[in-house]
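Asks: Pasting a structure here, questions to come.
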Amino acid sequence: MSQEAPKRTTRQKAARGGLSILTLVVAFVLLWEGYKFIWTALEWTWPVRPDNRTMPHTWDIIGALFQPAQRNGPLLLWVELKAALFTLREAFLGFLIGAVVGFGLGVLFVRSSTSERAFMPYVVGSQTVPIIAIAPMVVVWGGRISLPQWISVSIIAAYLTFFPVVINTLRGLRSPEPTSMELMRSYASSRNEVLWKVQVPAAMPYIFTALKVSAAASVIGAIVGELPAGLRGGLGSDLLQFAQQFTSAPQKLFALVLIAGLAGIAFVGLVTYAEHRFVDARRRQPT
Amino acid sequence: MTWAVEAKGVGKVFGGQAEAVEALRDIDFTLSQGDFVSLIGPSGCGKSTLLRLIGDLSAPTSGELTVNGKSPERARLDRDYGIVFQSATLLDWRTVKKNVELPLEIMGFETAERSSTADEMLELVQLGEFGDHYPWQLSGGMQQRVAIARALAFKPSILLMDEPFGALDEMTRELMQQEVLQLWAEVGTTVVFVTHSIPEAVFLSTRVLVMSPRPGRITDEINIDLSAKRDEETREDARYYELVTEVREALRRGEWND
Amino acid sequence: MSGMTDRDDVIRETHETSMAAAFEGDLPVGTREPSAIRRLVKRYLPALIAFVTVIFVWEGLTRLFGVESFVLAKPSEIMASFVETSATIWGAGFKTLIEAAGGFVIGVTLAVATSLASARWVGFREGMLPLAIALNATPIAALAPIFNNWFGLTNPFSKMAVVAVVVYFPVMINTTRGLLEVDPAEIELMRSVAATPTEVMRRVQIPNALPYFFASLKVASALSLIAAIIAEYFGGPQDVLGQYIVNRAQLFQFPDAWAAILVASILGVTFYVLILVAERIFMPWHVSLRAAE
């Protein structure tokens, strides 16, 4: 079902993107308030009750951001943006570690099919182990070697992020046509030359696709990592706290979830931008 | 004087005992320096395999093969040959010029020399202004010209070409054939050219080696005694048609004898 | 009579092996085809050896250095706990599995429905697909406290809802791609015989999408267990895997925690294998074409 799309300038695309976002926000608000209105009028309670405690009005949710977080304190918005940055820092560190480890494993597996056969099942299996269980143990170990707690959380984030990178690095390193490999052989290239001049550049699009997934995963990893440690200052602990305060101030929880969502989107957006700069520009086929 | 390529009883068998496939059998021939030789035969006759044996991209399972008087492996390690495939195989993240520089980088040429050599080679294939373009911006024929420039960049004594114009349309093909002949005259390499197009083989070569269906054997050697200067008029020459017919008949004989 | 020396042989094999390693593990050209059993052993032996080695080293080092179990549990302790607490952990595992499976079914159903709609109506697609891609970047687990409050802390449905949302996005995005990335020539062929859009969907798009769909299901199966456990952490009944693991860990009873993680892993692998079986049933042609993964 491919259709020829007209080429758009970057500005037009940004404008179109902005309009889409606006439309979606408006649509969401309409759906939310619409649901509340209709369900209240018909006195339905399934699946979600439409009362203001369970479903605060959208304007109350946004309003909560502009209230002080504590008496005479800074606005909730600032407090939570700081918390988001705190969590993002952990996520980013975990992302870097996971990306490097993932890339390294990918290169190792391509070089040595024995090591691939030996370790790949465990790489895959590692993803079935729920990280949340590892989290307290990572924190204890970190504590023993006097590692700041936030670094332990980063390790948890790294655990979630390395898997897509390994898989895609492997696929990308194997993606060059056989004739490219024959060409390099005709030049009597060393294996390192083949790796860095042909395989790694060919793998970049694949790796960036994985990095976008990893970016999102690392944010989840960081939030979840903060929970068992009870690490103050990040989104995780605030999520727990506002969940407990749900009866008195439900809109704070919703506002926080919104901020957390935006944090994830921001990180992925950053990686997408990097992809655009480093990968697309050269290879871009005319769309 | 050493032969450019010498084959004695060369054979190639793929696969294990149960599923052995004999691709080539008892290949004997010699190529002199400066020859332009075409390998022609039906699909699956092993002509591409033979080319790869010469280039040490695969190894014979029987017989003796020497390239420039050395083993094919030695010749490869000494960078005696350049190769052009049916697909241009350009690296799409490098500019055209950087693609041509690829072998020079690997062979340790200095930056300045790489740059000037690459420019020179692009001029040779008439793509001098396209150095800063990316492969996706070039047509199929142009990409192949870049591939040829790249193959000749380090001045090898042998050029291996595996159906390089197979993916191009007829008119571009004929233009490229002309260009290859001009290049050959200027640079003087030995060319081993694999094709399944009879007119192409006759137009380009000094000799045509005809191969039989699998297992591939050389069934005929035809000297192309057209004049050294070949152009559009050659394609309408009477002798040209005779030779095309001769090759065609040799191919048919090769198939019937199977 | 071969003109090659032994050294040439070795070098050729090394080169061919490195080329082979670069090309998805095909056997190097010119080697003899080993029998099926040899092939199986060759494939899985390194993994088995790695596993056994790690277990031995782990056990050995922890005993040697007298590492306490609340820092790093020994494999022997873990196995002991696995056996002793098996009723508890499998019971908890079952409840978690229900949450994961329930959410999986809901999420996949919604994903397939919206995928089909996206493929059919361009307007819907232009709205949904960017939204799905954007929302997929959010930390969905953060919705867990909200769902707990909406559906009740003790109601397994609150966890299923988290799983459903987590599973929805990858399945929807990939299935839509599969429905849309069809060879234009096939569509033109269908149009030339005046096929209706529904027939095009049935005969061309859906079969084309099946590989993408199953690939996304494999990802979703792993995600569903993890999401269920993460969701459990935000509160709820204590007799589920997530809560059990964290409780044991907070009490430094790591062998118990690891034993429960083992249960989670076994459930995860089983779930994955079920998807593989389903894939084989629905796509027998594809499996035989699939290169070694």
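Asks: If residue A:167 passes every condition in (1) at the interface with chain C (Cβ under 9 Å from one of its Cβ atoms); (2) closer than 29 Å to residue A:269 by Cα; (3) surrounded by fewer than 24 Cβ atoms within 10 Å (Cβ to Cβ); (4) hydrophobic (A, V, I, L, M, F, W, C) but one, which one does it miss?
Replies: Unmet for residue A:167, out of (1) at the interface with chain C (Cβ under 9 Å from one of its Cβ atoms); (2) closer than 29 Å to residue A:269 by Cα; (3) surrounded by fewer than 24 Cβ atoms within 10 Å (Cβ to Cβ); (4) hydrophobic (A, V, I, L, M, F, W, C): (1).
Asks: Quickly run through region B:1-21 and pick out the residues that are surrounded by 13 or more Cβ atoms within 10 Å (Cβ to Cβ) and more than 13 Å from chain C (Cβ to nearest Cβ).
Replies: Within region B:1-21, B:3, B:4, B:5 qualify.
Asks: Would you tally the residues in region B:106-149 being surrounded by 15 or more Cβ atoms within 10 Å (Cβ to Cβ), within 14 Å of another protein chain (Cβ to nearest Cβ) and under 23 Å from the mean Cα position of the chain (by Cα)?
Replies: Count: 9.
Asks: Anything in region B:74-92 that is surrounded by fewer than 19 Cβ atoms within 10 Å (Cβ to Cβ), within 7 Å of another protein chain (Cβ to nearest Cβ) and free of Cβ contacts under 8 Å to residues at least 40 places away in the same chain? List them, or say none.
Replies: B:77
Asks: Also: Among the candidates B:71, B:38, which residue alone is of a type in the set (Ser, Thr, Tyr) and crowded, with 24+ Cβ neighbours inside 10 Å?
Replies: Details: B:71 fails: crowded, with 24+ Cβ neighbours inside 10 Å.
Of the residues listed, the single one that is of a type in the set (Ser, Thr, Tyr) and crowded, with 24+ Cβ neighbours inside 10 Å is B:38.
Asks: Please state which of the following conditions residue B:106 fails to meet, knowing it meets all the rest: (1) in contact with an Asp or Glu (Cβ under 6 Å, 6 or more places away or on another chain); (2) within 22 Å of residue A:279 (Cα to Cα); (3) of a type outside the set (S, T, N, Q).
Replies: (2)
Asks: Got a sec? Which helices (runs of 4 or more DSSP H) wholly within region A:151-248 have at least 1 residues that are within 30 Å of residue C:170 (Cβ to Cβ)?
Replies: Output list reads A:200-229, A:235-244.
Asks: A further question on this structure: Assuming residue C:283 fulfils every condition listed in (1) over 16 Å from the mean Cα position of the chain (by Cα); (2) hydrophobic (A, V, I, L, M, F, W, C); (3) at the interface with chain A (Cβ under 9 Å from one of its Cβ atoms) apart from one, which condition is it?
Replies: All conditions pass for residue C:283, except number (3).
Asks: Select, from B:104, B:122, B:91, the only residue that is of a type in the set (A, V, I, L, M, F, W, C) and in a loop (DSSP other than H, G, I, E, B). Spell out the reasoning first.
Replies: On the way: B:104 fails: in a loop (DSSP other than H, G, I, E, B); B:122 fails: in a loop (DSSP other than H, G, I, E, B).
That would be B:91, the only listed residue that is of a type in the set (A, V, I, L, M, F, W, C) and in a loop (DSSP other than H, G, I, E, B).
Asks: Separate question: Consider residue C:121 carefully, then state whether it is among the aromatic types (Phe, Trp, Tyr), under 23 Å from the mean Cα position of the chain (by Cα), surrounded by fewer than 19 Cβ atoms within 10 Å (Cβ to Cβ) and assigned by TED's automatic domain parsing to the domain that holds residue C:199.
Replies: no
Asks: From the list B:12, B:8, exactly one residue is over 11 Å from residue B:216 (Cβ atoms), assigned to a strand (DSSP E or B) and not hydrophobic (A, V, I, L, M, F, W, C). Which is it?
Replies: B:8 is the lone residue from the list that is over 11 Å from residue B:216 (Cβ atoms), assigned to a strand (DSSP E or B) and not hydrophobic (A, V, I, L, M, F, W, C).
Asks: Do you know which of the residues in region C:239-252 that are surrounded by fewer than 17 Cβ atoms within 10 Å (Cβ to Cβ) and more than 8 Å from every other protein chain (Cβ to nearest Cβ) is modelled with the highest pLDDT?
Replies: Only one residue tops the list, namely C:239.
Conditions (1) modelled with pLDDT under 85; (2) among the hydroxyl-bearing types (Ser, Thr, Tyr); (3) touching a helix residue (DSSP H, G or I) at 6+ places or on another chain (Cβ under 9 Å); (4) on the phi > 0 side of the Ramachandran plot, marked per residue:
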position	(1), (2), (3), (4)
A:68	yes, no, yes, no
A:76	yes, no, yes, no
A:94	no, no, yes, no
A:103	no, no, yes, no
A:107	no, no, yes, no
A:112	no, yes, yes, no
A:122	yes, yes, yes, no
A:126	yes, yes, yes, no
A:137	yes, no, yes, no
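Asks: Go through region C:80-105 and give me each residue that's aromatic (Phe, Trp, Tyr) and more than 24 Å from residue C:213 (Cβ to Cβ). Lay out the reasoning, then the answer.
Replies: Taking region C:80-105 as the starting set, the residues that turn out to be aromatic (Phe, Trp, Tyr) are C:82, C:90, C:94, C:104.
Those that are aromatic (Phe, Trp, Tyr) and more than 24 Å from residue C:213 (Cβ to Cβ): C:82, C:90, C:94.
For (1) under 30 Å from residue A:232 (Cβ atoms); (2) surrounded by 13 or more Cβ atoms within 10 Å (Cβ to Cβ); (3) touching a Leu at 6+ places or on another chain (Cβ under 7 Å), each residue gets a yes or a no:
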site	(1), (2), (3)
A:16	no, no, no
A:50	no, yes, no
A:62	yes, yes, no
A:87	yes, yes, yes
A:90	yes, yes, no
A:99	yes, yes, yes
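Asks: Can you tell me which residue in region B:192-226 is surrounded by the fewest Cβ atoms within 10 Å (Cβ to Cβ), limited to those that are in a loop (DSSP other than H, G, I, E, B) and of a type in the set (D, E, K, R)?
Replies: Top of the filtered list is B:225.
Asks: Quick check on my filter: what residues within region A:179-196 are farther than 15 Å from residue B:84 by Cβ and either away from chain B (no Cβ under 14 Å) or over 30 Å from the mean Cα position of the chain (by Cα) (or both)?
Replies: A:181, A:188, A:189, A:190, A:191, A:192, A:193, A:194
Asks: Looking only at region A:72-101, which residues are more than 30 Å from residue A:252 (Cα to Cα) and either out of contact with any Ser or Thr (no Cβ under 6 Å at 6 or more places or on another chain) or within 14 Å of chain C (Cβ to nearest Cβ) (or both)?
Replies: Within region A:72-101, A:96, A:97, A:99, A:100, A:101 meet the criteria.
Asks: Take region C:140-174 and flag every residue that is closer than 20 Å to residue C:115 by Cα and either at the interface with another protein chain (Cβ under 7 Å from one of its Cβ atoms) or outside any helix (DSSP H, G or I) (or both).
Replies: If the condition is that a residue be closer than 20 Å to residue C:115 by Cα and either at the interface with another protein chain (Cβ under 7 Å from one of its Cβ atoms) or outside any helix (DSSP H, G or I) (or both), then no residue fits.
Asks: Filter region C:187-203 for residues that are within 17 Å of residue C:112 (Cβ to Cβ) and among the aliphatic types (A, V, I, L, M) and give the result.
Replies: Passing the criteria: only C:201.
Asks: Could you identify the single residue in A:172, A:234 that is over 30 Å from residue B:72 (Cα atoms), crowded, with 23+ Cβ neighbours inside 10 Å and under 18 Å from the mean Cα position of the chain (by Cα)?
Replies: Answer to the check: A:234.
Asks: What pairs come out if I take residues in region C:174-200 that are touching a residue at least 24 places away in the same chain (Cβ under 8 Å) and within 20 Å of residue C:125 (Cβ to Cβ) and pair them with residues that are surrounded by fewer than 16 Cβ atoms within 10 Å (Cβ to Cβ) and hydroxyl-bearing (Ser, Thr, Tyr) whose C-beta lies under 9 Å away, six or more apart or interchain?
Replies: Pairs found: C:180/A:2; C:181/A:2; C:182/A:2.
Asks: For the structure I just gave you, tell me whether residue C:148 is surrounded by 19 or more Cβ atoms within 10 Å (Cβ to Cβ), free of Cβ contacts under 8 Å to residues at least 40 places away in the same chain and of a type in the set (S, T, N, Q).
Replies: For residue C:148, the condition - surrounded by 19 or more Cβ atoms within 10 Å (Cβ to Cβ), free of Cβ contacts under 8 Å to residues at least 40 places away in the same chain and of a type in the set (S, T, N, Q) - is not met.
The values are calculated or read from the model by the stated rules, or taken from the named source; none is laboratory data. Every value quoted in this text rests on a predicted model; they were computed, and no experiment measured them. Reconstructed Cβ throughout: ideal geometry from the backbone, glycine too, with neighbour counts over all protein chains shown.
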